[in-house]
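Engineer: Pasting in a structure now, in structure tokens, and then I'll have a few things to ask.
No value in this document is a laboratory result; all are computed from the given coordinates. None of these values were measured; they are calculated from a predicted model. All Cβ positions, even for glycine, are placed from backbone atoms using ideal geometry, and neighbour counts span all protein chains on display.
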Amino acid sequence: MANLINKCSEIPSEIYEITSLEKGRDCALRAIYNESDDLEIQFGSLWVKDSGKLSGFPKGFDNTYPWHMWVVDNDDNVYDCFDSIRQALSENNFDCKDPSDWKIKLVDGSNFDCRNNLMYGPDEYRKQFDEWYKGYDAVFIYNYGFFSNPQTARYDENGTPFIQYSKQLDWDIVEEEILIPIEERIEAFNI
């Protein structure tokens, strides 16, 4: 079983200015700062068991954002920032355990396909996840995430955000379109 460990890096405020990222929506930047010889970056999505009381979703697993990044060690322990996770849970009206109390599972999502898995029929994936990950509070699915389609963003009557996806991510896209541009901006300013 993987453990979830709180790891919030102190990131200089000028980094936020040059990267145009904001705190709480900076998982790629935190992953870059947390990467080391002992910790490697993973991208994917975070699925959390929501009671549905605030979100209006049926009880079960749902994701907070279309994609997420964190770091892992050789024992598959996940290192992430609890404060940022809490912010995502609040923004999405999730009612769940606090991340500090989560029992988590790390899952390879390489074979998931946005056209067939998880994108359509949310009740179906909730049933699958409830069956597959019974006893877990959150699932970090690595190698599975999306870019969202901003034109589809909307809020329901509970204020819960909804958005559809435009493109499934893989490591080439993550490096080329997310990680390298952030690293280049940081290097350009010698920070």
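Engineer: Considering amide H positions built from the backbone, and no H for Pro or chain starts, which residues 5 or more places from residue 81, or on another chain, come under 5 Å of its amide H?
Structural biologist: Answer set, sorted by chain and number: 7.
Engineer: Do any GluC sites (Glu not before Pro) in segment 1-98 lie in a loop, going by DSSP, with at most 16 other beta-carbon atoms within 10 Å of their beta carbon, and if so which? Let's see the in-between values first.
Structural biologist: On the way: sites: 10, 14, 17, 22, 35, 40, 91; in loops: 10, 22, 35.
Passing both the DSSP loop test and the Cβ count: 10, 22, 35.
Engineer: Taking K and R as +1 and D and E as -1, what net charge do the other residues with C-beta under 11 Å from the C-beta of residue 136 add up to?
Structural biologist: Details: positive: 49, 97, 103, 105, 134; negative: 130, 137.
Net charge around residue 136: +3.
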